[in-house]
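What follows is a set of notes on a single structure, which appears directly below.
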Amino acid sequence: IHAEAGWSSRYAFMAMMSAGIAILGLLLSSPAVVIGAMLLSPLMGPIIGFGFSLALFDFREMRASLHALVLG
């Protein structure tokens, strides 16, 4: 959980690719492509990391997860 919850170059790449696919889906008026972009989105890692850090009162991990979510 800790490795997937923070900001990394892999996370940034996946977020940019997901955003690009979503933009193409919107331009083409294709709901299937937009749903595919949501499936590709890496936002679930920081959301789960935030939940675990909230349960464990790990404020350092919570800050890293929120940082990744805001930038994503």
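Results, tabulated for the structure shown:
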quantity	calculated
Residue, surrounded by the fewest Cβ atoms within 10 Å (Cβ to Cβ), within region 34-72, restricted to residues that are assigned to a helix (DSSP H, G or I) and among the charged types (D, E, K, R)	Arg60
Residues of region 1-33 satisfying the condition of being under 17 Å from Leu66 (Cβ atoms), of a type outside the set (Ser, Thr, Tyr) and open to solvent by less than 40 Å² (accessible area, probe 1.4 Å)	Ala5, Gly6, Ala12, Ala15
Complete set of residues in region 31-48 that are in contact (Cβ under 8 Å) with a residue 12 or more places away in the chain and under 11 Å from the mean Cα position of the chain (by Cα)	Met38, Leu40, Ser41, Pro42, Leu43, Gly45, Pro46, Ile47, Ile48
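The values are calculated or read from the model by the stated rules, or taken from the named source; none is laboratory data. The shown structure was predicted, so the numbers you read here are calculated from the model rather than taken from an experiment. Glycine gets a Cβ as well: all are built from the backbone with ideal geometry, and neighbour counts include every protein chain shown. With ligands, DNA and RNA removed, areas are computed over all heavy atoms of the protein, side chains included. Shrake-Rupley method; radii C 1.70, N 1.55, O 1.52, S 1.80 Å.
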